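Asks: Provided herewith is a single structure, encoded as structure tokens, for subsequent inquiry.
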Amino acid sequence: MAQGIPNNKIKVARLADGVAVPFEMPASGNRANTGRHRWIPGGEAIAFEVENEKSEAGIRIASFPAGKEPVSNRTVTGFQPGPVLESFGVAPDGNRFVGAEFQHFANILLVEGVDGVVSPNADAAGGSGK
């Protein structure tokens, strides 16, 4: 397990009485959003983002059937090299996920002809900077 942010864990408790449900998932990782989670519609399962030992992100699901012990969690997607999962959402019917990919870019942009955008050299050039 990646150790950039050590000892983080996902835990669950019942709202009715605050009693902890016997479930705990390590959520340590190198990214701040490791451990991000979403309840699956119906409230009996939770999807969560975790990292493997190679710091590759993936989504797992654990079920919490009413009145029963949590079911073992299962991998839904991810844990592959390539794009880094930044965030995710669950469709209202619980049958589809959408993921947002983290992209790190360093770009220089040139903006011209936009009202209110003035070049720092507008006065020196004798123009309006538009």
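The values are calculated or read from the model by the stated rules, or taken from the named source; none is laboratory data. Being a predicted model, the structure only gives us computed values, none of them experimental. Don't worry about glycine lacking a Cβ; one is built from the backbone with ideal geometry, like all the others, and counts go over all protein chains shown. With ligands, DNA and RNA removed, areas are computed over all heavy atoms of the protein, side chains included. Shrake-Rupley method; radii C 1.70, N 1.55, O 1.52, S 1.80 Å.
Asks: Residue by residue through segment 75-102, note down the ones that are surrounded by 11 or more Cβ atoms within 10 Å (Cβ to Cβ) and either over 16 Å from the mean Cα position of the chain (by Cα) or not in a strand (DSSP E or B) (or both).
Replies: Passing the criteria: Phe79, Gln80, Pro83, Ala91, Gly94.
Asks: Are there any pairs, at least 6 apart or on different chains, whose C-beta atoms fall under 6 Å, with the first in segment 13-25 and among the charged types (D, E, K, R) and the second modelled with pLDDT of 80 or more and not in a loop (DSSP other than H, G, I, E, B), and if so, which?
Replies: Listed by first residue and then by second, the contacts come to Glu24/Lys9; Glu24/Lys11.
Asks: On to the next question. Could you check segment 63-90 and list, in sequence order, the residues that are free of Cβ contacts under 8 Å to residues at least 40 places away in the same chain and of a type in the set (A, V, I, L, M, F, W, C)?
Replies: Passing the criteria: Ala66, Val71, Val76, Phe79, Leu85.
Asks: Name the single residue, out of those in segment 56-80 being of a type in the set (S, T, N, Q) and in contact with a Lys or Arg (Cβ under 8 Å, 6 or more places away or on another chain), that is farthest from Ala91 (Cα to Cα).
Replies: Once the filter is applied, the top-ranked residue is Asn73.
Asks: Would you check which residues across segment 1-22 are among the hydrophobic types (A, V, I, L, M, F, W, C), modelled with pLDDT of 80 or more and either under 12 Å from the mean Cα position of the chain (by Cα) or not in a loop (DSSP other than H, G, I, E, B) (or both) and list them?
Replies: Ile10, Val12, Ala13, Ala20, Val21
Asks: Continuing with this model, one more query. Of the residues that sit in segment 57-69 and are assigned to a loop (DSSP other than H, G, I, E, B) and open to solvent by 30 Å² or more (accessible area, probe 1.4 Å), which one is nearest to Lys11 (Cα to Cα)?
Replies: That would be Glu69.
Asks: Give the residue that is nearest to Val98 (Cα to Cα), with candidates limited to residues of segment 41-56 that are surrounded by fewer than 19 Cβ atoms within 10 Å (Cβ to Cβ) and touching a Gly at 6+ places or on another chain (Cβ under 8 Å).
Replies: By that ranking, first place goes to Pro41.
Asks: Which residues, counting only those in segment 38-56, are touching a His at 6+ places or on another chain (Cβ under 7 Å) and either small (Gly, Ala, Ser) or not in a strand (DSSP E or B) (or both)?
Replies: The one that is touching a His at 6+ places or on another chain (Cβ under 7 Å) and either small (Gly, Ala, Ser) or not in a strand (DSSP E or B) (or both): Ala47.
Asks: Just one of (1) within 23 Å of Phe105 (Cα to Cα); (2) surrounded by fewer than 17 Cβ atoms within 10 Å (Cβ to Cβ) trips up Arg31, so point out which.
Replies: Tallying (1) within 23 Å of Phe105 (Cα to Cα); (2) surrounded by fewer than 17 Cβ atoms within 10 Å (Cβ to Cβ), Arg31 fails exactly one: (2).
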